[in-house]
Every structure is written in C-alpha cells, then in structure tokens.
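What follows is a single structure, written as structure tokens, with notes after it.
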Amino acid sequence: ESVGAFARVLPVERVRQSEALRAALRKVRSRPGSGPDAAVALARAGDPGSAAPLVAALLESCATCRTAEELGATFGPLGEEGVQGLERLAEATLPFGTAALEALFEIDPNRAEPLAQETLAAALEEGCVPGPLLPVLFAHGIDPYLPLLEALEARGCERARLRPGEPVAVGMARPEGTDSGRAAREALASATPACRAALASLLGMEPEGP
C-alpha cells in the first residue's frame, strides 16, 4: 500500500526523467494493491509498453472505479497503444461500465462509435437494454431510441421481453425541451400504437398519438 501511495503522488515529469524510477515501477505494477497505481504512473508518463499491464491491473482491481477523464489522462499519452488499451478495457466493462468508452470517444471517436453501436446491438439481441450506455450514445450523435424500437418490434411489441423491467433512460427521455427528449418523442411518433405503448413503458413516458 505504501508503494501505491508513493506512485499516486509521483509527478509525471519525474517519472519521465528517471529510468531507474520507471524500472522500479515496472517491477511492482503487477502486484495486488500497489500495481494499479504503479501502472497508472507509468502510463501517464508515456512509458512504452504500459497499456497492456495497465489494463490487466485495472481489471484485477476495480475496472469501473476510474472516471472517463482519469482514463483519458492515463491512456492518452500512450498513443495508438493507449487507444488499443482503452478498447480492451471498454470491451471488458461494457455495456454497463461506460467510462472507458467515454474516454475512447474523446481520444478516437472513429474507434469508439462502432464499438458502442455493436455493444448496444449485442445487448439488445440478448433482450437486455443497457441503460447507462444510452446517454453516452446520444451525447456522441448516435440515436439509441430507434434501435430500442426495433428490438421491441422484433419481439412483437411485448415490453416484458426486454430487460430490465423498470424504465431506462428516464432522465434523458422525459424532458420535452431537450434534444434527447425530442428524439424520444420522434421515435414514439414513428411507432405503431402497440409498439408506441411498449416503448413509452420502456422509457418511463406517456404514450403519445392515437
């Protein structure tokens, strides 16, 4: 733990300028407890080869404990290696842990978008609506409501055939004066009456139209 506490407060420039310090951090980055902090310190300093050990350390400790901003600052200095590491971390934590995906959107949106869409499609195929993923998609220009409607249509507009049983994305769908609220209402308006009621139930909204 003392090693981890030391690694947490190390200035990035100090790590960059000292090969001896980097070598010491490499030795402990796979250890339980102190490993994740050592891996983070090396990655932020742009130490080549740091992405894979960092992903492993995060997955073995708490893969969803770090914010998107923290992950971006950690993987970003590693360039392409860091992008690949974020992709692996996002794949491991999605569809309900979204911080790695959000960081990937900031660093390389062209890599993040297909991963996000494929994750949503795979979850819906299994009959699961990943609520935390929906606002991330919408924030980056991907409308999640139409895929939800299509998933309901594929199930005969039976709301009970999609999990969870409680409404999802209520905070983004209900407000009328927001882009996300307007998009939700457009999806409702495009649905058949039976699917409109199912989609409204899924989103915690009142059905609109005839």
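The values are calculated or read from the model by the stated rules, or taken from the named source; none is laboratory data. These numbers come from a predicted model, not from an experiment. Neighbour counts run over all protein chains shown; Cβ positions are idealised from the backbone, glycine included. Each accessible area value is taken on the protein alone, full model and side chains, heavy atoms only, with ligands, DNA and RNA left out. Shrake-Rupley method; radii C 1.70, N 1.55, O 1.52, S 1.80 Å.
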Check: Among P11, P130, P77, which one moves the most in a GNM of the chain with springs linking Cα atoms closer than 10 Å?
Finding: P11
Next item on the list: Compare the Cα positions of P53, A151, G72 along the charge dipole of the chain (+1 at Cβ of Lys, Arg; -1 at Cβ of Asp, Glu; about the Cα centre) and return the one farthest towards the positive end.
Entry: P53
Margin query: Placing unit charges on C-beta atoms (Lys and Arg positive, Asp and Glu negative, everything else neutral), compute the dipole magnitude of region 1-52 about its Cα centre in debye, rounded to 20.
Written below: 60
Margin query: Explain nothing, just compute: Karplus ³J(HN,Hα) = 6.51 cos²θ - 1.76 cosθ + 1.60, θ = phi - 60°, for every residue of region 8-22 in order, whole Hz, x for Gly and Pro.
Written below: 5, 9, 5, x, 4, 5, 5, 5, 4, 8, 10, 5, 4, 5, 4
Next item on the list: Please determine, in degrees from 0 to 90 and to the nearest 10, the orientation of helix 35-44 with respect to the longest principal axis defined by the Cα atoms of the chain, where the helix direction is its Cα long axis.
Entry: 90
Check: Out of residues 5 or more away from C128 or on other chains, whose amide H comes under 5 Å of its own, with H placed 1.01 Å from N in the peptide plane?
Finding: R163
Item checked: Residue-by-residue Karplus 3J(HN,Hα) for region 90-106, coefficients 6.51, -1.76, 1.60, Hz, glycine and proline x -> 5, 4, 7, 10, 6, x, 9, x, 10, 4, 5, 5, 4, 5, 5, 4, 6
Next item on the list: Express in whole angstrom the spacing between the alpha-carbon centres of region 44-77 and region 179-201.
Entry: 39
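Dipole of the chain, Cα-centred, from +1 at each Lys and Arg C-beta and -1 at each Asp and Glu C-beta, to the nearest 20 debye?
On the way: 20 positive and 29 negative charges, 145 e Å.
Dipole size: approximately 700 debye.
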Next item on the list: Could you pull out every Cys in the chain that lacks a partner Cys with its beta carbon under 4.7 Å away?
Entry: C128
Check: Once every DSSP H run of n ≥ 4 in the chain is given -39500 (n - 2.57) and the sum is divided by its residues, what mean residue ellipticity at 222 nm do you get, rounded to the nearest 500 deg cm²/dmol?
Finding: -18500 deg cm²/dmol
Next item on the list: Choose one answer from G46, G33, G76: the residue with the largest mean-square fluctuation in a GNM of the chain with alpha-carbon springs under 10 Å.
Entry: G33
Next item on the list: Taking 7 Å along the Cα-to-C-beta vector as the label spot, tell me the R182-A154 distance in nanometres, rounded to one decimal.
Entry: 2.9
Notebook entry, point to check: Among (i) 47; (ii) 29; (iii) 40, which is the computed percent of Cα pairs over 28 Å apart?
Noted result: (iii)
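Express in nm, to one decimal, how much length is gained between T64 and A121 on full extension, taking 0.36 nm for each residue of separation and deducting their alpha carbon distance.
Gain on extension, T64 to A121, equals 18.4 nm.
Where the accessible area of region 36-139 is counted over protein heavy atoms with a 1.4 Å probe, how much of it, in %, is carbon and sulfur?
Roughly 51 percent of what the probe reaches on region 36-139 is carbon or sulfur.
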Margin query: Can you give me the distance in nm between label points at A194 and C128, each placed 7 Å from the Cα along the Cα-to-Cβ direction?
Written below: 2.8
Margin query: For the chain, what does the accessible surface come to per residue with a 1.4 Å probe? Please give it in Å².
Written below: 48
